[in-house]
Amino acid sequence: MAGSRPTSTTTTDPSTTPVDVQVGPRTGGAAQLKTPGAPLRVSFAKIQEPLEVPDLLALQTASFEWLVGSPAWKATLAPEDQADAVGGLAEILEEISPIEDFSGSMSLSFSNPRFEDVKASLEECKDKDMTYAAPLFVTAEFMNNTTGEIKSQTVFMGDFPVMTSKGTFVINGTERVVVSQLVRSPGVYFDKTLDKTSDKDVYSAKVIPSRGAWLEFDVDKRDTVGVRIDRKRRQPVSVLLKALGWSEDRIREHFQWSPTMLATLEKDHIAGQDEALLDIYRKLRPGEPPTRESAQALLENLFFNPKRYDLARVGRYKVNKKLQVGVAQGTSTLTEDDIVATIEYVVRLHAGEPDFDVDD
């Protein structure tokens, strides 16, 4: 009807989700069904929608498909990548395996996660206050590292909640949704703050992992470079370098271009690697008697043990890109090159070199 306002009609089948169907001059009056089997929402507007509404549930559903390693997720990958593709659950099992006893003579590994059919339908779970879940099984291998004997069997791990087509979970009969939270992703970040007492810019760097201890560097108002390990007391950054095996001469030669680092070295009275390791141990484990071996193991576990520290793929990518280091993309822990490059970057920031900027 000429001059009439555009109207729309919608079917009301509650079992499916409505979807727009455009009818108008550009389509010759023919309905265009966008999702087969879905109810029709018919528009009589003369001007069609310029953009198709995206799938707003894809963030939730695609993430869950990757987690369980479903065929639907593998189908989205390139054909050459599908054979080696590993879902989220399988990645987690790889990370924690093998689990070894204190002596290292026995180990336990988990692999090949798989699901059986759900125990009850969605409607039944809601009616009977049940959880919509599927049984999760994994292959467990128990190995005697002394004799080489391996025992393998399938183990039931528990009922795993399954996401519905609407991106929700049914827990004890109640439909719930996981609320996404914005968090700072793993990587290295550089910052600048104003020290109110000296009116100087103070530069700092934070290496944030997906799992593990934070490593923080800064140049204070006295123009010395310090480090905080796992948010503990600040100490000269040269102590960390000495703990990593650097001699005082090597530090002086490597940072001879930086008066700030040379000044830091002059104020550092720790001599040698052993003393540096013990000094770090005392700050991280006050009250415990330090030994050289326990101090070395503590530092290794903090930043160089894949079971205790994980930058994740995005963190490794961002560290490599920011610091221009050539560490292999599959390396999930920190390396000595990462630490040295971070120190160099924050020192050059403090020196005001033009090619070095803080993060927004």
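Please treat every number below as a calculation from the coordinates, not as lab data. Model, not experiment: these values are computed from the prediction. Here the Cβ positions follow ideal geometry from the backbone for every residue, glycine too, while neighbour counts run over all protein chains shown.
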What's the magnitude of the charge dipole for the range 187-351 around its Cα centre, counting Lys and Arg as +1 and Asp and Glu as -1 at the beta-carbon? Answer in Debye, nearest 20. 700 debye
Mean separation of Cα contacts under 8 Å (at least 6 apart) over the residue count of the range 284-360, i.e. the relative contact order in percent, is 22 percent
When the Karplus curve 6.51 cos²θ - 1.76 cosθ + 1.60 is applied with θ = phi - 60°, which whole-Hz ³J(HN,Hα) does each residue of the range 106-116 get, with x for Gly and Pro? 10, 9, 10, 10, 10, 7, 6, x, 8, 10, 9
Residues meeting the amide H criterion for K200 (H placed from the backbone, H to H distance under 5 Å, 5 or more places apart or on another chain) are D195
In the range 68-120, which chymotrypsin sites (Phe, Trp or Tyr not before Pro) are in a loop and have at most 11 other Cβ atoms within 10 Å, using DSSP for the loop call? F102
Under a 5 Å amide H to amide H cut-off, with H placed in plane at 1.01 Å, what residues pair with S210 once short-range neighbours are removed? D310, L311, A312
Karplus ³J(HN,Hα) for the range 270-278 (6.51 cos²θ - 1.76 cosθ + 1.60, θ = phi - 60°; Hz, whole; x = Gly/Pro) runs 7, 10, x, 5, 4, 5, 5, 4, 5
For the chain, averaging the sequence separation of alpha carbon pairs under 8 Å that lie six or more residues apart and dividing by its residue count, the contact order in percent is 10 percent
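Any number yet on Rg/Rh for the chain, C-alpha, Kirkwood? Before the final figure, lay out the partial values.
Details: Rg = 28.7 Å, Rh = 25.9 Å.
Rg/Rh: 1.11.
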Ordered by number, the GluC sites (Glu not before Pro) in the range 97-153 that occupy a DSSP loop and have at most 12 other Cβ atoms within 10 Å are E116, E149
Helix 336-351: angle to the longest alpha-carbon principal axis of the chain, degrees 0 to 90, nearest 10? 80 degrees
Amide H proximity to V225 below 5 Å, modelled H, separation 5+ or other chain, gives V237, T264
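Quick one: dipole size for the chain, taken about the Cα centre, charges +1 on Lys/Arg Cβ and -1 on Asp/Glu Cβ, in debye to the nearest 20. Walk me through the intermediate numbers first.
On the way: 42 positive and 54 negative charges, 207 e Å.
That gives a dipole near 1000 debye.
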In degrees from 0 to 90, rounded to the nearest 10, what is the angle of the helix 58-68 Cα long axis to the longest principal axis of the chain? 70 degrees
Restricting to DSSP H runs of at least four residues, report the calculated mean residue ellipticity at 222 nm for the chain, -39500 (n - 2.57) per run over all residues, nearest 500 deg cm²/dmol. -8500 deg cm²/dmol
When only DSSP loop residues count, what trypsin sites (Lys or Arg not before Pro) in the range 269-360 have their Cβ near at most 11 other Cβ atoms within 10 Å? none
